[in-house]
1. Where does segment 125-266 land on Rg/Rh, using Cα atoms and the Kirkwood Rh?
2. Averaging over every viewing direction, what projected area does the convex hull of the Cα atoms of the chain cover, in nm²?
3. As a check on your grasp of the helix formula, calculate [θ] at 222 nm for the chain: sum -39500 (n - 2.57) over DSSP H runs of n ≥ 4, divide by the residue count, round to the nearest 500.
4. Within 10 Å of each residue's Cβ, count the other Cβ atoms and sort E251, E64, E169 from fewest upward.
5. List the lysines whose Cα lies under 22 Å from the Cα of K73, skipping any in the same chain that are fewer than 8 positions away.
6. Using a Förster radius of 45 Å, what is the FRET efficiency between S6 and A95 based on their Cβ-Cβ separation? Nearest 0.05, please.
7. Output the Cα-based Rg and Dmax of segment 34-190 in Å, rounding Rg to one decimal and Dmax to a whole number.
Amino acid sequence: MADVLSSQQLNAVHQLLDRVAERQRQDFGNIVSDLKPDGTLITTCDRWSDEAIVAGLAEIAPGEGVLSEEGSKCVPSSQAFWVVDPLDGTTNFAAGIPYWAISLARWVDGQPSEVFLDVPSLRQRIVAIRGKGAWRNGKRLTPETRLSSDSACVSLCSRSIRVLQRRPERRFPGKIRLLGVASLNLLSVAMGQTAGALEATPKIWDLAAVWLVLRELGCPLIWLEKDPGSLMAGEDLEAADFPVVVAGNLEMLERLREWGEALLQR
């Protein structure tokens with residue numbers, strides 16, 4: 001088992017993502033959704049995408065386990081394993097809102113090593129490799145790109161919006177945006193589209209890929225409860241949340257910290 005993927009394996013992952021993204025674009029607007037036991041939506045496209053990705057990864061990286069939103073939610077025992085969200089933003093996808101993502105993250109020794117975030121509707125693909133940087137459609141991204149932005153927006157998830165009710169006497173430090181896609185909410189900070197983001201209940205498959213993008217682009221963050229870098233083999237993550245605050249710089253992170261901590265108030 002290699003610590004890093006070979007160039008041939010990286011190319012194969014891109015080809016797999018091309019195939020899945022194309023199928024999702026074809027299905028978009030022509031799909032019926034069902035409810036999962038936890039009340040979230042799932043479509044036949046979610047299921048097909050998950051099966052295609054899991055089968056493809058088994059050929060690309062034999063022996064490396066897979067943890068997936070639509071499959072096994074236990075941390076694999078292999079040294080290297082994949083964390084997959086085949087369609088992050090199913091509610092948008094099912095409602096005809098053209099903004100969702102495919103998230104693939106390869107973890108080695110408990111940390112993300114190579115990650116891929118594809119936004120099929122925009123035909124954009126973000127790739128990050130630990131210690132080497134991040135790219136969008138093959139063009140290198142830099143912290144300077146983010147820092148040159150002067151965004152006043154802060155991205156919230158639908159559950160983190162409750163912080164506004166808990167602190168009615170305080171003015172929230174930003175213009176609120178809800179994108180409806182956990183991975184892309186966080187990615188917006190790395191891209192300089194927002195100044196910060198709060199996610200109240202992200203799962204490991206929501207953040208596995210974007211975490212490395214944020215790290216490679218120097219975005220500070222605070223894990224409000226559990227740190228995803230401390231996963232244990234065999235651990236069941238179906239009900240595990242990883243609330244997080246992310247910002248484009250330390251000053252904004254401190255401004256958002258108290259709002260993130262308010263998320264944990266019961």
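Each reported figure results from applying straightforward, stated rules to the coordinates on display, with no laboratory input. Computed from a predicted structure; not experimentally measured. Glycine also receives a Cβ, built like all others from the backbone with ideal geometry; neighbour counts cover every protein chain displayed.
1. Values: Rg = 14.7 Å, Rh = 15.3 Å.
The Rg/Rh ratio comes out at 0.96.
2. Details: hull surface 53.6 nm².
With the hull built on Cα positions only, its mean projection is 13.4 nm².
3. Numbers: 8 runs with 89 residues, N = 266.
The per-residue figure over the chain is -10000 deg cm²/dmol.
4. Details: E251 11, E64 20, E169 4.
Fewest-to-most Cβ neighbours within 10 Å comes out as E169, E251, E64.
5. Output for K73: K36, K203, K226.
6. Numbers: r = 40 Å, r/R0 = 0.88.
Calculated value: 0.70.
7. Values for segment 34-190 (Cα only, Rg and Dmax): 17.4, 55 Å.
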